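Chemist: Pasting a structure below so you can have a look.
The values are calculated or read from the model by the stated rules, or taken from the named source; none is laboratory data. Predicted model, so just to flag it, every value in this text is computed and none were measured. Neighbour counts are summed over all protein chains in view; Cβ atoms, including those assigned to glycine, are modelled from backbone coordinates with ideal geometry.
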Amino acid sequence: MPRFIYTAKTQDHQTIQADIYAESEQDAINKLTKIGYFPISIKVEDLTLEKEGIRRFWKIPRKDIVQFSRQLSSLIESGVNVLNSLNIISEQIPNKYLKAIIRDVANKIKDGQSLSESLATYPHLFSNLYTSLVRSGEVGGNLEIALKRVADFLEKEEEFRDSVRQALAYPVFVFIVSVLTVIVLLGFVIPRLVAMFEDMGQILPFSTQLLISISAILRAYWWLILALIFISVFLLQRLYQRPHGKLFLDRLKLKLPILGDIILKTQESRLMRTLSLLLSGATPVVYALEVSISTVENQILRQELQAFKEEIANGLSFSKCLSNSKLFSPFITNMVTVGEESGTLEKSLMRIADDYEREVDRKLKTFTRLLEPAIILVMGLIVGFIVLSMLLPIFQINLIVQ
């Protein structure tokens, strides 16, 4: 049922603004008239959040989805039905975009859709994993547990992403500051010193001449350099959008020293956590793999998982599939084998995810500790070369004067 925002006068001539649910605008006017209000203006609430522009340029924070999931789980656990729970939450959510989506989901449930079907109409917000877990909770009669599990999963993923951002923040900051320093020296400081050297009319050292040439090229063709950078980024994006190009770049990522192992273990950690979450809700392994594939970004790993899905459907065990793969370590294979034999596969997968996340965090910290001094050393050498090249002519003048 649509929600209408209205302005009306009461019987004591006060002007109020509020909202009301009605089948149509005329129905809303009739309802207001019955309670003694005189409508001044009335309009249906704007729920055009499914437009591509909003999807592309507006992102609801992950923490709001986590909070929504926990609140919905708590209300259902307390005995409140899904529809009333959504209405209660929609009144408390501060984010107006999420508020509108929750109300739209509630309206879809009124029209006869299930919660999972209603959430699935917003795939940019509620992933295939999210709706699959909600669906399993609806079928199994433990919706509140499913919502609590998915909230824990989203929270854990956000914590992991935050740790990655924090580890890379300082090296990136140092690199940007260093590059800006070199650009300022080459583009603004050196041209002022060049005029002074030209007035002296002396022969400049080779390093100084080289530096002056680089500065001149940078000042004359800065627009071309920027254009080449933008064109390179554009071509890489286009290449990444093509299936073969994405496959090539993803294979290249896995072959990178140090970073390749970090990328692979990050993807495998997410995969194992997703599988664990789905299997804990009694989801069949083949369907769990199908849902988990959508959470994996690397195309090489995706191809491997697609092959696993077909082999498991033909009767092969998950551990056997892993043992035949070169992407998964013996540690994963052994843990999955133990989990299958003991009937606790979801716990073994969660253990793998936790161990790999700790390992990735440790390797990232080691990598950034090595990266920071490497960036400082390289940029220090560049800045040192610039400063020395500028000082050499001055030293020559002092020697001539003496």
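Chemist: Cβ-Cβ below 6 Å, separation at least six or inter-chain, first residue in region 74-88 and among the acidic types (D, E), second at pLDDT below 90 and surrounded by 15 or more Cβ atoms within 10 Å (Cβ to Cβ): which pairs?
Modeler: E77/E144
Chemist: Suppose we filter region 1-16 for residues that are in contact with a strand residue (DSSP E or B) (Cβ under 8 Å, 6 or more places away or on another chain) and modelled with pLDDT of 75 or more; how many remain?
Modeler: Counting residues in region 1-16 that are in contact with a strand residue (DSSP E or B) (Cβ under 8 Å, 6 or more places away or on another chain) and modelled with pLDDT of 75 or more gives 8.
Chemist: Between a first residue in region 239-262 that is of a type outside the set (K, R) and a second residue that is assigned to a loop (DSSP other than H, G, I, E, B), which pairs have beta carbons less than 6 Å apart while being 6 or more apart in sequence or on different chains?
Modeler: Sorted first by the residue in region 239-262, then by its partner, the pairs are D250/N298.
Chemist: Scan region 71-87 for residues that are within 14 Å of I145 (Cα to Cα) and surrounded by fewer than 17 Cβ atoms within 10 Å (Cβ to Cβ) and jot them down.
Modeler: S74, E77, S78, G79, listed by residue number.
Chemist: Here's something else I'd like to know. Going through L289, L327, L349 one at a time, which residue ends up being under 26 Å from the mean Cα position of the chain (by Cα), modelled with pLDDT of 90 or more and under 28 Å from K246 (Cβ atoms)?
Modeler: Result of the check over L289, L327, L349: L349.
Chemist: A follow-up question, please. Restricting attention to helices (runs of 4 or more DSSP H) lying wholly within region 81-192, give those where 3 or more residues are closer than 27 Å to V285 by Cα.
Modeler: 115-119, 128-140, 143-184
Chemist: Just checking, which of F173, F153 is buried (at least 19 other Cβ atoms within 10 Å of the Cβ), aromatic (F, W, Y) and outside the structural domain of S69 (by TED's automatic domain parsing)?
Modeler: F153
Chemist: Six or more apart or on different chains, Cβ atoms under 8 Å: show the pairs whose first residue is in region 116-140 and surrounded by fewer than 21 Cβ atoms within 10 Å (Cβ to Cβ) and whose second is among the basic types (K, R).
Modeler: Note: pairs meeting the criteria are S116/R135; E117/K108; T121/K108; H124/R55.
Chemist: What's the total number of residues in region 58-105 that are acidic (D, E) and at pLDDT 90 or above?
Modeler: 0
Chemist: Separate question: Which of (1) within 21 Å of the chain's Cα centre (by Cα); (2) more than 30 Å from L381 (Cβ to Cβ); (3) not hydrophobic (A, V, I, L, M, F, W, C) does D261 not meet, given it meets every other one?
Modeler: All conditions pass for D261, except number (2).
Chemist: Could you tell me whether I375 is of a type in the set (A, V, I, L, M), part of a helix (DSSP H, G or I) and closer than 18 Å to L254 by Cβ?
Modeler: Numbers: of a type in the set (A, V, I, L, M): yes; part of a helix (DSSP H, G or I): yes; closer than 18 Å to L254 by Cβ: no.
No.
Chemist: Can you name every residue in region 100-117 that is small (G, A, S), within 23 Å of the chain's Cα centre (by Cα) and within 12 Å of L86 (Cα to Cα)?
Modeler: Matches in region 100-117: A100 only.
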